[in-house]
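Questions regarding the structure given below will be posed in turn.
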Amino acid sequence: MLSSPAAIARLLADEGAELRHPEIIEFDASWRQARIEKDAADFSVFDRFDTAKPLRLTQAEVLIKKLEKLRKKLERAGDAQALRSLKDEAVNARQTVQSLVKNEELNQRVRGEQVEIAEWLTVWIRTPTLFAEWLELRQRSPDFRQRFLRKM
């Protein structure tokens, strides 16, 4: 986990360093704002799931890979709260995809893809570290090939 400028300043002050507090506070505030903006940008991957427009399998695969990349980054940073938020957002994305399955305005092929994407999200939510290997096996399965490869 990254230490804030204020936390670093506190350590320096504890060791006897003379600090100019207004500059530290201003720098700490701008540092925190930049982190908030970066975190918001990282989570923007969910924006695509929040639309009423269904995803194609290839799009979903790319988005879930971005989720996994973000998950690994947050795990390395030790940010448990952001990891919980990531999982919650993935659950919401799955619910959005599942609602598209029920949309009778979509044709059967597109609704079938939404069922598949919801399953992918379920696997990623439950076992994100195994998702890439699972997806590779799933895409090689006869069921997947019969249902989707001839239609893509």
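Here is a check on your reading of the model: is Glu136 surrounded by fewer than 17 Cβ atoms within 10 Å (Cβ to Cβ) and assigned to a helix (DSSP H, G or I)?
On the way: surrounded by fewer than 17 Cβ atoms within 10 Å (Cβ to Cβ): yes; assigned to a helix (DSSP H, G or I): yes.
When the stated conditions are applied, Glu136 passes them.
Kindly indicate which of Ala60, Ala52 is of a type in the set (Gly, Ala, Ser), modelled with pLDDT of 90 or more and closer than 29 Å to Arg145 by Cα.
Criteria check complete, one pass: Ala60.
The values are calculated or read from the model by the stated rules, or taken from the named source; none is laboratory data. All figures in this text were calculated on a predicted structure; none of them were measured in a lab. Cβ: placed from backbone, ideal geometry, glycine included. Neighbour counts: every protein chain shown.
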